[in-house]
1. Taking the range 29-46 as the search range and keeping residues that are free of Cβ contacts under 8 Å to residues at least 60 places away in the same chain and over 15 Å from residue 260 (Cβ atoms), which one is surrounded by the most Cβ atoms within 10 Å (Cβ to Cβ)?
2. So for the range 295-308 (the condition being closer than 30 Å to residue 5 by Cβ, touching a residue at least 60 places away in the same chain (Cβ under 8 Å) and outside any loop (DSSP other than H, G, I, E, B)), does at least one residue qualify?
3. Out of all the residues in the range 161-181, is one or more on the phi > 0 side of the Ramachandran plot, part of a loop (DSSP other than H, G, I, E, B) and touching a helix residue (DSSP H, G or I) at 6+ places or on another chain (Cβ under 6 Å)?
4. With the structure loaded, tell me whether residue 49 is in contact with a strand residue (DSSP E or B) (Cβ under 8 Å, 6 or more places away or on another chain), assigned to a helix (DSSP H, G or I) and in contact (Cβ under 8 Å) with a residue 12 or more places away in the chain or whether it fails that test.
5. State all residues of the range 22-46 that are in a helix (DSSP H, G or I) and out of contact with any helix residue (DSSP H, G or I) (no Cβ under 8 Å at 6 or more places or on another chain); if no residue qualifies, say none.
6. Among the residues of the range 199-210 satisfying the criterion of being buried (at least 20 other Cβ atoms within 10 Å of the Cβ) and at pLDDT 85 or above, which is nearest to residue 139 (Cα to Cα)?
7. Go through the range 86-109 residue by residue and tally those that are modelled with pLDDT of 95 or more and closer than 26 Å to residue 153 by Cα.
8. How many residues are under 20 Å from residue 309 (Cβ atoms) and in contact with a strand residue (DSSP E or B) (Cβ under 7 Å, 6 or more places away or on another chain) if we restrict to the range 347-381?
């Protein structure tokens, strides 16, 4: 399992002057190509799901495949939500398996941007999930979608007040296809880097030349978001297939797409300096492992089966929406004479959620009013998968302990 903490991954890149690629996914072809390229290049990589692409796929169906690919990989991988626009979208993404959030400023005024970013960062940090904030705006080549370059003084104020971990900057790149050569404001980037002294992120990473890519990481850029370049090589390959075989099936027309994407990703990993870094990154990153929160219990005699089932149903609904809760399973013993009749199995995204879940007002309200008064006979234990290890020590890892807690 090579799913790792994105915060650790990007700090390693920042400290060693290279950039990690965050590649937006829109299909399994993209997913498989990115992971294959990372494996071949022995590079850390971020699998990215972008909020503005959700019209093209169902996130709840996509995320299990993304997470399975990350866990199966032998290179360090993180999973991010890109262009997050709200607290709710960030919470949902974390609960579906993302362990990084990249925000979209959407050209908000600085005070509004700080407030929303601070709220999202506080929620995400309760799950140990890092947040990439944004000051300025990266527009497109469309004349109606104009970029707003990042001001160093605003960047400093934003970072200090919002609590984000990383900062996405606007220095001349564009989203989507560019018109002509892109000119980057490296002097502005240097000033921003000096002002904030945290890892920086570049949106609109497509369309730059080799020299531009190399200079970025020397000025603090530790992550480059990339999609248009992949989309263009995929589309070019499909157009060639259509020209060669106009009667071809859908499968025929897709031939070569995954390989073309993989080749482009490998080119990026080489240019950005992340190729060959997998082994050292693994030794510096915390493995990203869920915690299983197990409760076995009996209800008091005066509680009817109907009341018990009603309490369980309400609990599933309430607890599943707490940040960092991946899944809520409720069960009843198969054997009639089992010592404990009922169970809860609540999967947390990270061990940090043990505390934030316990203290979350929705959990406290449910536990104090609907659960604890009727489930006095209970045992609660938190478990973490003991097979998840990358040769690093997990500080404060949970190995299992009996607690009287819901």
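1. The qualifying residue surrounded by the most Cβ atoms within 10 Å (Cβ to Cβ) is 35.
2. Of the range 295-308, the ones closer than 30 Å to residue 5 by Cβ are 295.
Now restrict to residues that are touching a residue at least 60 places away in the same chain (Cβ under 8 Å): 295.
With outside any loop (DSSP other than H, G, I, E, B) added as a condition, the list becomes 295.
Yes, the range 295-308 contains a residue that is closer than 30 Å to residue 5 by Cβ, touching a residue at least 60 places away in the same chain (Cβ under 8 Å) and outside any loop (DSSP other than H, G, I, E, B).
3. Quick first cut of the range 161-181, residues on the phi > 0 side of the Ramachandran plot only: 163, 172, 176, 180.
Those still in the list that are part of a loop (DSSP other than H, G, I, E, B) too: 163, 172, 176, 180.
Narrowing the set further to residues that are touching a helix residue (DSSP H, G or I) at 6+ places or on another chain (Cβ under 6 Å) leaves 163, 176.
Yes; the residues of the range 161-181 include at least one that is on the phi > 0 side of the Ramachandran plot, part of a loop (DSSP other than H, G, I, E, B) and touching a helix residue (DSSP H, G or I) at 6+ places or on another chain (Cβ under 6 Å).
4. Spelling it out, it is not the case that residue 49 is in contact with a strand residue (DSSP E or B) (Cβ under 8 Å, 6 or more places away or on another chain), assigned to a helix (DSSP H, G or I) and in contact (Cβ under 8 Å) with a residue 12 or more places away in the chain.
5. Here is the first cut: in the range 22-46, the ones in a helix (DSSP H, G or I) are 28-41.
The answer is 39, and nothing else.
6. Step by step, filter the range 199-210, then rank; the result is 203.
7. Start the filter on the range 86-109 by keeping residues that are modelled with pLDDT of 95 or more, which leaves 86-103.
After this cut, where a residue has to be closer than 26 Å to residue 153 by Cα as well, the list is 86-87, 100-103.
Here the count works out to 6.
8. Looking only at that region, the number is 3.
The values are calculated or read from the model by the stated rules, or taken from the named source; none is laboratory data. None of the values given here were measured: they were computed from a predicted structure. Here the Cβ is made from the backbone with ideal geometry for all residues, glycine too, and neighbour counts use every protein chain on show.
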